[in-house]
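First comes the structure, then the notes that go with it.
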Amino acid sequence: MLNQALAHARNQREQHLDQLIEFLGIPSISTLSEHKRDIERAARWLATDMTNAGLEDVEVMPTAGNPIVYGEWLGAGPEAQTVLVYGHYDVQPVDPVDLWVSPPFEPQVRDGEIYARGASDDKGQMFAHIKAVEAMLAAGGKLPVNVKMIFEGEEEVGSPSLEPFVIEHKDLLAANSGLVSDGRIVDTNTPSLVYALRGMSYIEISVKGPKRDLHSGSYGGSVHNTAQLVAEIIVSLHDENGTINIPGFYDKVRELSPEEREALRKVPYSLAQWQEETGLKTPWGEKEYTLLERTTARPTCEVNGMWGGFQGEGGKTIIPAEAGAKISMRLVPDQDPQEITQLFGAHVQQFIPADYTLEVLEHVHGWPVITPIDSPEIRAAARAYEATWGKPPVFTREGGSIPIVATFQKELGAPVVLMGFGLDDNVHAPNEHFRLEHFYRGIGTIIHYYHYLSSQV
Ligand SMILES: [Zn+2]
């Protein structure tokens, strides 16, 4: 069954490529309202292709924004695992269009790469999921797992309709695990699995003191300067090692296990690379953690901007009535972003003199995510990569956030596997491309993944 499905996928490569070219030819740019019809066309095209692939109950489902395309195959029965696949069919704008070697919506294959907007992010990668299911159904009439697929059309505009959709359709989307291919591997010879993402609490503080800006000659020395107060608050956030000083901040941090630290050491990431990227020589921060651990697996607290007082040309001798700062904290499992915002607020409050006011505004919060490296999903994914790439993947964590992954984990209680097949690929830039070999290996990896996931339980 596994081998027949793989053989079928191999035999269909030309057809799969032709279909991908057709899909990539639809300019489904979600950030530009003039492409609204193209978005709808892409959704319908996708629904037709999913139906042809053998998925059932395929539906273009309306949302407040762009439609979500849903389809399922539940023939493995209630005892089998159910996997929820997510991807997005919308793409980024193409400007500056004159830097494209071939037109962004006239896909062209050059040197084993397909060039088009969306080739890697995310049409090419999500399409591999449909083709994997198609090959398995065509070869053996069934899959070893149940599969549900949702493809959204608003990822590039921040997925405003997705979370409400997930909450509204919890029963429809119920699954044992999630599967997302919208990312990259380390390099073509080094498959990798991102098993954790950081969350975020983004806060703005503003401090108000005297009723107006005061003359520093008349009042200097008698007033606690608000800009200085904000600076004092900022200084209080870290100790000299870079450890965060907010009481309770680390209470829920899941410490890195020795196995994880060992796995992270295998990720090719060097001081030289950090130096090259930052233009600096000497890293700062928690000395007991490696650079990669600091940037991906440890929580942070960074000042993104601070303001207060006079910023214009020349001098103006005032004591500002008001000052503030924007601060983002990257969070790791199992920190709770809202709780962190509260702890932060309580910490800052103690610096505020009696007749001053403090405002704490939370702009964004997002949950951190982890699917442990010894979980059945990650183990199956690792075997699937090894079977396809001929090499076991390295395990990495990512310093940034992917909100949808946190939503799946939180709302559906499902661990999520991030199974990327891309490389740098110029995503969001001119000449976006996707290596065809990675498209085909992607299909093979997904087929193997379902096989290993089902044979493990
Ligand atoms: Zn994407």
Assuming R0 = 25 Å, can you tell me the calculated FRET efficiency for the pair K410 and E79, based on Cβ-Cβ distance, to the nearest 0.05?
-> 0.45
Residue farthest toward the positive end of the dipole of the chain, with Cβ of Lys/Arg at +1 and Asp/Glu at -1: which of Q108, Y450, G413?
-> Y450
Based on the mean of other Cβ atoms within 10 Å per residue, sort peptides 198-210, 235-247 so the most packed one is first.
-> 198-210, 235-247
For a label point 7 Å along the Cα-to-beta-carbon line of W274, residues of region 297-319 with backbone N under 19 Å | 297-303
Rounded, prolate or oblate: which fits region 71-183 when a ≥ b ≥ c are the square roots of the eigenvalues of the alpha-carbon gyration tensor, with rounded for a/c under 1.5 and prolate only if a/b beats b/c?
-> oblate
Measure off, as a whole percent, the carbon and sulfur share of the 1.4 Å-probe accessible area of the chain, all protein chains present.
-> 50 percent
If you line up the long axis of helix 2-11 against the longest principal axis of the chain, both from Cα atoms, how many degrees apart are they, to the nearest 10?
-> 90 degrees
So the FRET efficiency between Q4 and V364, C-beta based with R0 = 56 Å and rounded to 0.05, is 0.75
Tilt relative to the chain, helix 337-349 - C-alpha long axis, 0 to 90 degrees, to 10 = 10 degrees
For region 408-414, take each phi angle, set θ = phi - 60°, evaluate the Karplus expression 6.51 cos²θ - 1.76 cosθ + 1.60, and give the result in whole Hz per residue in order, putting x for glycine and proline.
-> 4, 5, 7, 7, 9, x, 10
Crossing angle, helix 123-140 versus the chain [Cα axis fit, 0-90 degrees, rounded to tens] | 30 degrees
Please report how far the C-alpha centroid of region 260-315 lies from that of region 1-30, rounded to the nearest whole angstrom.
-> 41 Å
Expressed in nanometres to one decimal, the distance between label points 7 Å along Cα→Cβ at D424 and T357 is 5.0 nm
For 135-143, 150-158, ranked highest to lowest by mean beta-carbon neighbours within 10 Å, the order is 150-158, 135-143
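For D336 and H224, compute 0.36 nm times the residue count separating them, minus their Cα-Cα distance, and round to one decimal in nm. Provide the component values of the computation, followed by the final result.
On the way: separation 112, 0.36 × 112 = 40.32 nm, distance 3.36 nm.
Full-extension gain reported as 37.0 nm.
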Measuring from centroid to centroid over Cα atoms, what is the spacing of region 387-457 and region 118-193 in Å?
-> 9 Å
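So, by mean Cβ neighbours within 10 angstrom, what's the order for 277-285, 376-384 with the highest one leading?
Taking the mean over residues of other Cβ atoms within 10 Å, the ranking is 376-384, 277-285.
Please calculate how many Å² of accessible area region 64-121 carries per residue, with a 1.4 Å probe and no DNA, RNA or ligand atoms counted.
That works out to 39 Å² per residue.
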Inter-probe distance in nm under a simple model that places probes 7 Å from Cα toward Cβ, at K170 and E232 = 4.6 nm
Kindly state, to the nearest 0.05, the FRET efficiency for N11 paired with D111, given R0 = 35 Å and r defined as their beta-carbon distance.
-> 0.90
Are any of the pairs K123/K391; K287/K326; K208/K252; K123/K148; K266/K391; K123/K266 more than 23 Å apart by Cα-Cα distance, and if so, which?
-> K123/K391; K287/K326; K208/K252; K123/K266
Expected 222 nm ellipticity per residue - DSSP helices of 4 or more, -39500 (n - 2.57), all of the chain, to 500 | -11000 deg cm²/dmol
Taking only protein heavy atoms and a 1.4 Å probe, what accessible area per residue, in Å², does region 298-457 have with all protein chains in place?
-> 41 Å²
Per residue, how big is the convex hull around the C-alpha atoms of region 258-297? Give it to me in cubic angstrom, could you?
-> 67 Å³
Label-reachable residues, region 215-257, where backbone N falls under 18 Å from a point 7 Å from E288's Cα toward its Cβ = 238-257
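The values are calculated or read from the model by the stated rules, or taken from the named source; none is laboratory data. Everything quoted here is computed from the prediction, not taken from an experiment. Neighbour counts run over all protein chains shown; Cβ positions are idealised from the backbone, glycine included. Areas reflect the complete protein model, heavy atoms only, side chains present, ligands, DNA and RNA absent. Shrake-Rupley method; radii C 1.70, N 1.55, O 1.52, S 1.80 Å.
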